[in-house]
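Working notes for the structure below.
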Amino acid sequence: MLWRDRPGQVVAGAGANLPHYRKADRVVATEPDPAMRRRLAGRLDRATVLAVVREDRAESLSDPDDTFDAVLSTAVLCTVPDPDRALAEVARVLKPNGRLVVLEHVRGSGRLAEWQDRLDPVWTRIGAGCHANRDTRAAIERAGVTFELFEEFQPVPAWVPTSPMIEAVATRPS
Ligand SMILES: C[S@@+](CC[C@H](N)C(=O)[O-])C[C@H]1O[C@@H](n2cnc3c(N)ncnc32)[C@H](O)[C@@H]1O
């Protein structure tokens with residue numbers, strides 16, 4: 001995914017998104033896991049823009065209110081222990097009219113959702129805390145941001161627990 005905007009904050013992992021920023025002045029990449037942070041540090045030379053690494057948990061960001069023009073979250077809201085709190089923090093650090101951009105796998109419907117619920121206790125253990133059954137769309141709506149783009153898609157067969165996926169942009173009201 002390409003992301004084009006001004007200073008942003010991302011939950012970083014090993015830095016897969018770093019080579020894809022184009023117009024950001026500065027990227028703050030936050031990653032609480034030390035092993036992931038080491039991998040991230042080793043990839044900073046691939047960043048296309050100035051990138052700073054932080055240890056913050058998404059539920060407790062150290063930035064003041066109204067700091068960022070954009071926040072990017074890819075494959076993170078499935079894993080953070082408290083997505084509502086993390087999204088409240090995102091809304092807090094975004095400037096008015098700032099944008100949250102997400103690419104996440106989410107809870108399916110019907111039999112897929114039942115399968116995700118049954119699998120969840122095991123899945124979180126083998127997937128480093130990842131939950132396959134989170135209704136991330138509802139969590140984003142609870143944070144008080146407004147979708148300007150929302151697309152759900154099924155990139156893999158419908159039995160795959162980490163599907164469907166959503167690609168979305170939501171704006172913090174001014
Ligand atoms: C599936 S990885 C995705 C990494 C990266 N965003 C990407 O797209 O490649 C999930 C990441 O969430 C991080 N994570 C887990 N709990 C977190 C929290 N409370 N706050 C911020 N990040 C967290 C993990 O350390 C891990 O790097």
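The values are calculated or read from the model by the stated rules, or taken from the named source; none is laboratory data. This one's a predicted model, so the numbers in the text were calculated from it and none came from an experiment. Here the Cβ is made from the backbone with ideal geometry for all residues, glycine too, and neighbour counts use every protein chain on show. Keep in mind that these areas ignore ligands, DNA and RNA; they rest on the heavy atoms of the full protein, side chains included. Shrake-Rupley method; radii C 1.70, N 1.55, O 1.52, S 1.80 Å.
Some values worked out for this structure:
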{"read-out": "Spatial extent of the chain: Rg and Dmax, with the Cα atoms as the point set, Å", "value": "15.7, 44"}
{"read-out": "Percent accessible area from carbon and sulfur atoms, the range 47-133, protein chains only, probe 1.4 Å", "value": "53"}
{"read-out": "Built amide H within the under 5 Å cut-off of Arg26, gap 5+", "value": "Gly8"}
{"read-out": "The chain: most fluctuating residue of Gly15, Gly108, Gly127 per GNM, C-alpha cutoff 10 Å", "value": "Gly127"}
{"read-out": "Per residue, in Å², the accessible surface of the chain once ligands and nucleic acids are set aside, probe 1.4 Å", "value": "51"}
{"read-out": "Phi-based couplings in Hz for the range 98-111 (Karplus 6.51, -1.76, 1.60; Gly and Pro marked x)", "value": "x, 10, 9, 10, 10, 9, 9, 8, 9, 4, x, 10, x, 5"}
{"read-out": "The range 71-89-the range 119-150 distance, computed between alpha-carbon centres (Å)", "value": "8"}
{"read-out": "Under the Karplus curve 6.51 cos²θ - 1.76 cosθ + 1.60, θ = phi - 60°, whole-Hz ³J(HN,Hα) for the range 27-35, x wherever Gly or Pro sits", "value": "10, 9, 9, 10, 8, x, 7, x, 5"}
{"read-out": "Sparse-neighbour loop sites [chymotrypsin sites (Phe, Trp or Tyr not before Pro); the range 82-159; at most 15 other C-beta within 10 Å; DSSP]", "value": "Trp159"}
{"read-out": "Rounded to whole Hz, the Karplus (6.51, -1.76, 1.60) HN-Hα couplings of the range 41-48, x for glycine and proline", "value": "4, x, 10, 4, 5, 7, 5, 8"}
{"read-out": "Helix 83-93 axis, angle to the chain major axis (alpha carbon atoms, nearest 10°)", "value": "20"}
